[in-house]
C-alpha cells in the first residue's frame, strides 16, 4: 500500500498534521501502536471512571474570537470552529514556596499585582521582561548559550522570584535539568503567564475525537494496533515502514512523532555514525497519582486550578537520586475550571519528578505495585504542607510511573518532554523523513498541534511553517 505521507504516532501532533494534509487531498495514514489515540495526552476508563493522561491544562489559551496567538491559528489551519474544542478557562493557579506565594490566572494583571505585593522592587524589571517576551516572535531562534535563567537574570535581581517564575516553565516543558533553552522558555512563559490555562469539560478526549473525526471525514486513514517496527531507507531517503505484524507500507514522505532517538532507532539498516551532535535521550520523567474524591476539591480548601509547590527555596528540577522527589510537585484539579456545569467526578492529580532507572528496574510485579503505593502515600503526605488534608475523602486512586510512560508512548527513559536537543526545523539525515511533536520542540496540547501543522506546511505542503 502506498501513501503520500505516513505519520508515525496518533498523538496530537500527528493527528493535526494528518488533518492539515488531508485538507489538501494528500493520501495520508496515521500509524498508532496502541488501541487508543493521544500518545502523551490520551485517556482511559478504569473502574467506571474516566481519566486523562498527561493533560493538566491546555496552555496558550485564547478567548473565543481572538485573532492572534497559536490557538486561533491552529483553528484556522485545521478549519475548525472555536466550539469544537469546548474550552473553559481556569479560575486561578498558584506558585507556593516557603514563606511566599504568587497567584496567576488568564488575566496577566493578577501576576503583576502579586509581584508588586511580594517583590515590589522587582516590578519594573518584570514589566520590561514581559515587553521582551511579547515583542519576540513565536519560535525565534537564539544562541544556545542564552537560556531561560539567563534571560530572567537580565531583568530580575531577586533569586527567589527567578526561581518561582522558572518553576512552572520547567515543569510544563523543559527536557533539561534546572534550565531551558531560550526559544522554548519564551514559548512556555507566554503560554503559562500571558495566555493561560483552559480545559475541555470532557477532558482531552474531546480534542482527540474532533481531530480523529475530521481526519476520517477528509479521507485520511488511522490505523491502531499498527506499531512501526522499522523504517527502511536507501540512498538517503526513507522508502517504507514495516509494522509489528510484518506489513510493509510505502510513502513519498514520512512524518514521525515518536521522538528523535526513538525514530533513529527504527532506521533499517542502521546508518553509519556521522560527525557532529546526534539525537540524545532525555533523562527527566515523572510519577503521577490521581485521587478521586467524594466532594469537589474547592470545598476541601483546594481552590486552585494548578498548584506548583516547593518545600525548599530552590526547586530541584532534575532526575532525583531517590525514587521520587516528594517535597516539590504540581497538584492540579480538573474541577477548578470555570465550567458552565459541575463535573461528575472530583479529582486531584499530584505529579513529581521521578528516577527513571528505579521505576524501570523493579525486580518483579509485586514489588513494583508495592513501591507505587508507598510513594503515592508519601507524595500525598508531603503535599499537605501546601493544601488541607484531603486523604480521608479519597474514594479511588490510580498511579503511573516512568514505566507506564515507556509502555504507552515508547519514549526512552519514560521522558515526557523527550530529548534536550530539539530539532526546530524537523529535519533528519533522511531527506524525506521529518519529525513533529515533542522532539521538534513544541510542547503541550496547543504546541503539539502547532508542531504537526507547521511541519506539514513546511516540508510536505511546500508552504511557510
Response to the item:
Fewest-first ordering of 13, 174 by Cβ atoms within 10 Å yields 174, 13
Practice prompt. Quick one: P(r) of the range 283-409 from all Cα-Cα pairs, 10 Å bins, percents rounded to integers, in order of increasing distance.
Written response: 13, 43, 32, 12, 1
Worksheet item: Cα centroids of the range 1-78 and the range 134-175: how far apart, whole angstrom?
Response: 28 Å
Worksheet item: Taking neighbour Cβ counts within 10 Å as the exposure measure, how do 140, 438, 351, 427 sort from fewest upward?
Response: 140, 427, 351, 438
Discussion item. Using Cβ counts within 10 Å as a stand-in for footprinting exposure, how do 231, 290 rank, fewest first?
Written reply: 290, 231
Discussion item. Students often check this: by mean Cβ neighbours within 10 Å, which of 149-155, 399-405 ranks highest, and how do the rest follow?
Written reply: 399-405, 149-155
Discussion item. For the range 255-336, I need the span (max minus min coordinate) of the C-alpha atoms along each principal axis, in Å, sorted largest to smallest.
Written reply: 60, 31, 19
Response to the item:
Taking R0 as 60 Å and r as the Cβ-Cβ distance between residue 76 and residue 312, the FRET efficiency 1/(1 + (r/R0)^6), rounded to the nearest 0.05, comes to 0.85
Worksheet, complete the sentence: Under Stokes-Einstein, the range 91-195 at 25 °C and 0.890 mPa s, with its Kirkwood radius over C-alpha pairs, diffuses with a coefficient in µm²/s of 177 µm²/s
Worksheet entry | Angle in degrees between helix 444-455 and the longest Cα principal axis of the chain, rounded to the nearest 10 | 30 degrees
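How long is the gain from residue 49 to residue 157 if the chain were fully straight, where each residue apart is worth 0.36 nm and the alpha carbon distance is subtracted?
Length gained between residue 49 and residue 157: 34.2 nm.
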Response to the item:
Of all DSSP beta bridges with both partners in the chain, the antiparallel percent, nearest 5, is 70 percent
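How long is the gain from residue 194 to residue 366 if the chain were fully straight, where each residue apart is worth 0.36 nm and the alpha carbon distance is subtracted? Mind dumping the intermediate values first?
Values: separation 172, 0.36 × 172 = 61.92 nm, distance 4.54 nm.
Net length gain for the segment: 57.4 nm.
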Response to the item:
Length gained, residue 242-residue 321, 0.36 nm per residue minus C-alpha separation, equals 24.6 nm
Worksheet item: Regarding the range 61-153, what are the three Cα extents along the principal axes, ordered largest first, in Å?
Response: 45, 36, 21
Item to complete: Using packing as a proxy for protection, rank 56-66, 301-311 so that the peptide with the highest average count of other Cβ atoms within 10 Å comes first.
Response: 301-311, 56-66
Worksheet item: Pairing the Cα long axis of helix 123-135 with the longest principal axis of the chain, what angle in degrees results, from 0 to 90 and rounded to the nearest 10?
Response: 20 degrees
Worksheet, complete the sentence: In Å, the C-alpha Rg and Dmax of the range 1-55 are 13.5, 42
Worksheet item: What nm value, rounded to one decimal, do you get for the distance between residue 117 and residue 340 when each label is placed 7 Å out toward the C-beta?
Response: 3.2 nm
Item to complete: Starting from the Cα gyration tensor of the chain, multiply each eigenvalue by 5, take the square root, and state the resulting semi-axes largest first in whole Å.
Response: 34, 25, 23
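So for the range 1-155: antiparallel DSSP bridges make up what percent, rounded to the nearest 5?
Roughly 65 percent of the DSSP beta bridges within the range 1-155 come out antiparallel.
Every read-out reported here was derived from the displayed coordinates using simple, explicitly stated rules and does not represent laboratory data. Here the structure is a predicted model, which means the values were calculated and not measured. Please note: Cβ atoms are built from the backbone with ideal geometry, for glycine as well, and neighbour counts cover all protein chains shown.
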